[in-house]
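This report refers to the structure that appears directly beneath it.
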Amino acid sequence: MKVLKTFPDKCIACHACESACSKLYFKEDNQAKSCIVISDETHPVDMNVCNQCGTCVAACPTLALSINNQGVIMLNKNLCIGCLMCVAVCPTESMRTYLGNQNPFKCIACGVCVKSCPAEAIKIVTE
Amino acid sequence: MERKVLAEFKYDLAPVVQGYNKRTLYVNVGTKVIAAKPVSDMMIDKFVGGKGFDLYLMWQGVKDSTKWNDPENEICISFGPLCGNTSYPGSGKSIVTTISPLTGIPVDCNVGGHFGPYTKFSGWDALEIQGKADEEVIVFIDGDKGLVQIMTAPDKEINSHILAEELVKEFADSPDKLQYVSVVSTGEAADHVLITCLNFSFWDKRRKVARLKQAGRGGTGSVFRDKKIKALVVKYSGLKSDTNHPVDLPTLQKTGLKLHREIEAGDDSQCRMHQVGTAHLMEIMNDYDLLPIRNFKYGQMPEAIGLHSKEFTALFTQGMVDGCWYGCSLSCCKAVDNFKPRTGPYKGQPVCVDGPEYETAAGCGSNIGIFDPKDVVEINFYCDTYGVDTISFGTSTAFAMECYENGILNQERTGGLDLSWGNADAALELLHQMARGEGFGVTVGKGVRAMKKIFAEQYGADPDFLQDIGMEAKGLEYSQYMSKESLAQQGGYTLALKGPQHDEAWLIFMDMVNNHIPTFKDKAEALHYFPMFRTWFGLQGLCKLPWNDIEPADNAQTDEPAKVPEHVQNYVDIYKAITGKPMDKHELIRQSERVYNFQKVFCMRFGKGRRIDDLPPYRAVGPVTEEEYLSRQDRYDKHLVEKLGLNPEGLTTAEKMARLRAYREDQYQQLVDAVYERKGWTPEGVPTVDHLQSIGMDLPEVLEVVKRYL
Ligand code: SF4
Ligand code: SF4
């Protein structure tokens, strides 16, 4: 399973990963639209991102969520009807949405954030 | 399948605006006229949508003399402005109305499945079907193309579990698009008997079957078949989270997400809908002496352990997303997969059975003395596919079994069927006979009211006894709760406009268990508020379950826990978010009150809706037989002491029963007085002109009917 692994001890909370992610998928620099979320109120920081556990897949009524052959959970926007049931069941609150959007969104372990991180606090690993 | 197009109607596709299309679809299967009708502002203001639109359209379409099988009788299916949103749990209901063959007045059913939302998003706020076809037809709505067709239906199959699946496959664009088609159908029994239903399908992508949800009550399936309609089919493939075009999608999503999370956190401890659906109620009802057993004689029996929810949990496939519409995270629709019936035409063939829900488990289980869950599942399966209402089947069969127990029926009269309590083979054979249109099953399938008349006239049975044990009012069979010890629920059942169904009010715990509404005034207030509040679901296209089967964690600490204030506020919020119109919890009740009173006056057009129509059989009120009295003697003796100030010692059981009966019947009448007054009706149950004016339901045609009675 391909997954984005986080190392909070190393994170310097520069939020570069969030910018990279939201710019790639939403064409804007906006934490609310990033699949990875860094909250720096705690120490070490909280790095929230999908761990590909699959809970959401079972909750989706339209089979819009599926696991690809690398073990990554993918969302098919053509099938998604935006009920947000997947958001509610996600045990780590990593199925993301922002109100007013048609569909939720999630980390697909693409790695764009890894390249942006100056502190090596995130890594794509295969488990 | 070779089909001839008999009539065709093209229309412009246009997006829904804030929950409304502002037009309804009229289809006459007799004259083959298909037309669009505009929705006026008056309709929206006074009738809102859903059941309101249905009744308004039907009012224009029928005459005071219309019978269920007259061509002008209509089947109306409407959805409501909130229907079809995918954000808030329980938002996919259709409301079906017709003049019922059982009651002769409008009946309304609230049903899930995808037909309603898809038809709405195809461009219609309601579907109004009239006329009688001279050959078998299908009505097809293509919401992707903007096309309505009436087609011939030479299909061999009528039974829903096969027909629905065949039609989904036939009308879908391709095998990967089956989820965009939904079918309304009934079954063979609807050609022969009256206790019938309509099945609304949704394609279950995981199980790869057409699941069936029932518009159960009042014989809708018989009207459908009388019109020679085999099925209604809709196709719509554009569903998104904003297809209903709400004015404020973020608020709608936020409110939905809050409830999703509440359900995720509370379902296991509160209602176990994910595991077992409404069948979780079985042991709760049995524990409280509320589970109907042997035609509502008793509410509790040790044998009922056989129908414990754990038995159904074991039969239901677990871990499935069983919502009857997208976005319902409460997901109560359980199914038994690969069930192999042991009787009938589908014997040995693996089928998917939708349910049993509580009502079916009680009606087709304990109430007829059956305590094997597999028998219940089999009856459930055949009821659905034949188009028989499981509630009326249960109550009608229970009545026949009690008549058999009392010698009113015997094997000669039943054509050889041994209708002893718990004889599942005989119950199933009744069902198969209904489907074949032969034997004693046809008599049972006419419903309790008709059986009372037949047994008195043909078998010389005592009409008073039949009246006492025949669990029907207005011609409709009671649904499956014991109301004997809850005066408020006796009213909740028997005052319900369409007949004794618990969807207007379920007050048993509030009244009997918690004693929160001790006075007549309290009960009347509850019998005003809850029917109005619940009517609102039918105006909007919503399901009742997510209102109070799941509660916020702090609900008990609120000032009115029975109302679930936070959820009421959710409804206010999502109504505003979708329609953009003002709303608060008071206006919500007023919206319902208008339509509720309209429905009441509608009944009066047919000469019904009078005080005498609101009378329960005594079985719903107290013990009819000595056996019943003696089985709960301590309770009834105590009742005599505490309520009547009577010392039961020295009195015979018959004397005690008579005193109790006089008291309880008088209590019921006092309740009716209080409720009518609270509802703004005369002591005869007629809405006053003042009241109709004050709620804004003083249309001239309504006042004209009311004045006949004043
Ligand atoms: S929001 Fe989309 S992906 Fe998530 S459960 Fe609903 S349909 Fe599936
Ligand atoms: S609670 Fe059950 S009946 Fe109600 S909408 Fe959800 S799945 Fe359908």
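Only the coordinates and a few stated rules stand behind these numbers; no lab work does. Everything numeric in this text was worked out from a predicted model, so none of it was measured. Cβ coordinates were reconstructed from backbone atoms using ideal geometry, including for glycine residues, and neighbour counts include every protein chain displayed.
Brief remarks follow.
- Residues in the range B:86-109 reached by a label modelled at residue B:708 [backbone nitrogen below 19 Å; 7 Å Cα→Cβ]: B:98-101, B:103-107
- A straight chain from residue B:677 to residue B:134 at 0.36 nm per residue would run longer than the Cα-Cα distance by 190.7 nm.
- The fewest-to-most ranking of B:482, B:510 by surrounding Cβ atoms within 10 Å reads B:510, B:482.
- Sites residue B:318 and residue B:22, calculated FRET efficiency, Cβ-Cβ separation with R0 60 Å, nearest 0.05: 0.85
- More than 25 angstrom apart: percent of Cα pairs within the range B:211-358: 51
- Hits among aspartates and glutamates - C-alpha to C-alpha of residue B:544 under 13 Å, sequence gap 8 or more where chains match: B:503, B:504
- Fraction of alpha-carbon pairs over 19 Å apart in the range B:551-635 - percent: 67
- With contributions of -39500 (n - 2.57) from each DSSP H run of at least four residues, the per-residue ellipticity at 222 nm computed over the protein assembly as shown stands at -11000 deg cm²/dmol.
- Counting only the Cα atoms, the protein assembly as shown fills a convex hull of 166 Å³ per residue.
- The residues B:660, B:232, B:630, when put in order of fewest to most other Cβ atoms within 10 Å, stand as B:630, B:660, B:232.
- Over all Cα atoms in chain A, the spread is summed up by Rg and Dmax: 14.0, 40 Å.
- Over all projection directions, the Cα-based convex hull of the range B:300-416 averages an area of 8.6 nm².
- For the pair the range B:172-216 and the range B:225-251, the centres of their Cα atoms are 15 angstrom apart.
- Given B:22/B:581; B:46/B:608; B:120/B:213; A:27/B:205, the pairs whose alpha carbons are separated by over 27 Å: A:27/B:205
- Counting DSSP beta bridges with both ends in the protein assembly as shown, the antiparallel % (nearest 5): 85
- Three-way shape label, chain B, alpha-carbon gyration tensor, a/c 1.5: rounded
- Anisotropy class of the range B:92-168 from Cα gyration tensor, a/c 1.5 cut: rounded
- Taking every alpha-carbon pair under 8 Å whose residues sit at least 6 apart, the range B:5-235 reaches a relative contact order of 23 percent.
- Overall form of the range B:5-235 per C-alpha gyration tensor (a/c, 1.5; a/b vs b/c): rounded
- Under the criterion of Cα pairs below 8 Å and six or more residues apart, the relative contact order for chain B equals 14 percent.
- Among the listed pairs B:145/B:258; B:228/B:576; B:93/B:585, those whose Cα-Cα separation exceeds 31 Å are B:145/B:258; B:228/B:576.
- Intensity falloff of the range B:1-56 expressed as log10 I(q)/I(0), Debye formula with alpha-carbon point scatterers, at q = 0.14, 0.17 Å⁻¹: -0.51, -0.69
- Sparse-neighbourhood loop sites, chymotrypsin sites (Phe, Trp or Tyr not before Pro) in the range B:1-94 - DSSP loop, at most 12 other Cβ within 10 angstrom: none
- With both residues required to sit in chain B, DSSP beta bridges show an antiparallel share near 85%.
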